[in-house]
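Below you'll find the structure I mean.
The values are calculated or read from the model by the stated rules, or taken from the named source; none is laboratory data. Small disclaimer: the values here were computed from a predicted structure and weren't measured. Every residue, glycine as well, gets a Cβ built from its backbone with ideal geometry; the counts of neighbours run over all protein chains shown. Only protein heavy atoms, including side chains, enter the accessible area calculation; ligands, DNA and RNA are left aside. Shrake-Rupley method; radii C 1.70, N 1.55, O 1.52, S 1.80 Å.
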Amino acid sequence: MTARTLRTPRDLADAGLVEPHRLAELEGVASRYAVAITPAVAELIPDNAPLARQFVPTPAELDQRPEERADPIGDDAHSPVEGVVHRYRDRVLLKANHACAVYCRFCFRREMVGPEGVRPLSPAQLDAAMAYIAGDPAIWEVIVTGGDPLILSPRRLADLMARLGRIPHVKVVRFHTRVPAVEPDRITPELVAALKAPGKTTWVGLHANHPDELTPAAESACARILDAGVPMVSQTVLLKGVNDDAATLERLLRRFVELRIKPYYLHHADLAPGTGHFRTTLAEGQALMRELRGRVSGLCQPTYVLDIPGGHGKAPVGPCYVKGEAVLDPQGLAHAYPPA
């Protein structure tokens, strides 16, 4: 097993994840977009094309299409203070840090995260973010994201939760992370304890895109969170060449439910720079959702969503089953139903 996180093309070549003759072309990619592959992930990548596609850089990332944009979901348009995104009335994003354990090649914040991205919040900026949240009584939920917040130390996470714990109108704190799957040893009892605060309900959203990411070690990490009374949901990005077939999604979604993780969102891939080779069409995504409706339990059904470019929020874009005065069954057959 690789002993440390791989951060350069040379690291990848030394670990046998890329051919040495590709170093020059990959240096150009790494100079623009951060690279990081943890030991847990590096161990899985050989002979696993879907995982390699997610984490190993390729020259295709430098091919930017006209419709792609540095801020594809419009975070900046809804950021009243540094580190806060307030797009929906009752909830905000709190970008506690801007680094990750791994860097996904399709990341919608790829221009912001990583060693050359946006700097972590200074103490003064964090104070201002907390003051903003405390000053708006409509904010019911704080979604801690970044970057990946679970790369923070238990001490820093506990401090963050203590500060949110002093804001009476915040009732729910949700952490979005890849860490339980990509660096499961980081999920210690101390870190799990740091996610909780009196009077607050904590949720953890796990980002995983392929069933092979949910290893026995990942299962144990998730169990440590769940057994502490912290419920979990999943987030998955629909990615060409990774999970854009019903059989793979079925395996992934069933695996989530088996691990006590409720499938939440299936995201249509965003218009981030250099990610066109990952994107399916909306019609392809809708066809997959229609097929899943007939083959997996309702517990396994995520909501297929598109984050509308420009900061207009998420819209459900799954298939419609109402056609005129008929309702379509999972096989696409129409059945009459009275309109009123």
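Based on the Cα coordinates of the stretch 1-99, what is the per residue volume of their convex hull in Å³?
Details: hull volume 14.4 nm³, N = 99.
Here the figure is 146 Å³ per residue.
Could you tell me what percent of the DSSP beta bridges with both partners in the stretch 79-235 are antiparallel, to the nearest 5?
Details: 3 of 22 bridges.
In the stretch 79-235, DSSP labels about 15 percent of beta bridges as antiparallel.
So what are the stretch 124-245's ellipsoid semi-axes, whole angstrom, largest first, if each one is the square root of 5 times an eigenvalue of the alpha-carbon gyration tensor? Could the numbers behind the result be given before it?
Working: eigenvalues 147, 55, 31 Å².
They are 27, 17, 12 Å, listed from largest to smallest.
Treating only the Cβ atoms of Lys and Arg (+1) and Asp and Glu (-1) as charged, compute the dipole magnitude of the stretch 80-206 about its Cα centre; round to the nearest 20 debye.
So the magnitude is around 220 debye.
Another one. Rounded to the nearest 5, what is the percent of antiparallel bridges among the DSSP beta bridges in the chain? Kindly include the intermediate steps, with their values, before the conclusion.
Details: 12 of 41 bridges.
Roughly 30 percent of the beta bridges in the chain run antiparallel, per DSSP.
Karplus couplings for the stretch 91-106 from phi (6.51 cos²θ - 1.76 cosθ + 1.60, θ = phi - 60°), rounded to Hz, Gly and Pro as x?
Per residue, the Karplus-derived 3J(HN,Hα) values read 8, 9, 8, 10, 8, 5, 7, 10, 10, 9, 5, 10, 10, 6, 6, 10 Hz.
Need the list of lysines near Lys95 for cross-linking: C-alpha distance under 24 angstrom, and skip anything on the same chain fewer than eight residues off.
Within the straight-line limit of under 24 Å, Lys95 reaches these lysines: Lys171, Lys196, Lys200, Lys262, Lys314.
For Tyr103, which sequence-distant residues (separation of 5 or more, or a different chain) have an amide H within less than 5 Å of its own amide H, given hydrogens modelled in the peptide plane?
Those lying under 5 Å, H to H, from Tyr103 are Ala36.
Further question: Find which of Leu12, Leu44, Ile167 sits farthest along the positive direction of the dipole of the chain, computed with +1 on the beta-carbon of Lys and Arg, -1 on that of Asp and Glu, about the Cα centre.
Ile167
If you don't mind, there's one more thing I want to ask. What list of ³J(HN,Hα) values in whole Hz, one per residue of the stretch 154-159 in order, does the Karplus curve 6.51 cos²θ - 1.76 cosθ + 1.60 (θ = phi - 60°) give from phi, with Gly and Pro shown as x?
x, 4, 5, 5, 5, 5
Also, quick follow-up: If I histogram all Cα-Cα distances within the chain using bins 10 Å wide from 0, what percent of pairs lands in each bin?
Binned Cα distances yield the sequence 5, 24, 33, 26, 9, 2, 0.
So who's got an amide H within less than 5 Å of the one on Trp140, skipping anything under 5 residues away but keeping other chains? H placed 1.01 Å off N, in plane.
Close amide H contacts, sequence-distant or interchain: Arg91.
While we're looking at this one, here's another question. For the stretch 190-255 and the stretch 160-185, what is the separation of their Cα centres, given in Å?
Their Cα centres are 14 Å away from one another.
Tell me, what ³J(HN,Hα) does each residue in the stretch 178-189 have, in order and in whole Hz, if you take phi through Karplus 6.51 cos²θ - 1.76 cosθ + 1.60 with θ = phi - 60° and put x for Gly and Pro?
10, 4, x, 8, 9, 8, x, 5, 6, 7, 8, x
Work out the P(r) tail for the stretch 190-340: percent of alpha carbon pairs separated by more than 26 Å, whole number. Don't jump to the answer; show the numbers that get you there.
Working: 4150 of 11325 pairs.
Within the stretch 190-340, distances greater than 26 Å cover 37 percent of Cα pairs.
Taking the Cα centre of the stretch 63-143 as the origin, how large is its charge dipole in debye, to the nearest 20, when only Lys and Arg (+1) and Asp and Glu (-1) carry charge on their Cβ atoms? It would help to have the intermediate numbers written out before the result.
Values: 10 positive and 13 negative charges, 35 e Å.
In total the dipole reaches around 160 debye.
What is the percent carbon and sulfur in the accessible area of the chain, measuring with a 1.4 Å probe over the protein chains and ignoring ligands?
55 percent
In whole percent, what relative contact order does the stretch 191-340 give with Cα contacts below 8 Å and a gap of six or more residues?
Numbers: 220 pairs, mean separation 27.3, N = 150.
Over the stretch 191-340, the number comes to 18 percent.
Further, regarding this structure: In debye to the nearest 20, how big a dipole does the chain give about its Cα centre with +1 on each Lys and Arg Cβ and -1 on each Asp and Glu Cβ? Don't skip to the end; give the middle numbers.
Working: 39 positive and 40 negative charges, 187 e Å.
With Lys and Arg at +1 and Asp and Glu at -1, about 900 debye.
Work from the charge dipole of the stretch 126-261 (Cβ charges, +1 for Lys and Arg, -1 for Asp and Glu, about the Cα centre) and give the residue of Leu126, Ala138, Ala221 farthest towards its positive end.
The residue sitting most towards the positive pole is Ala138.
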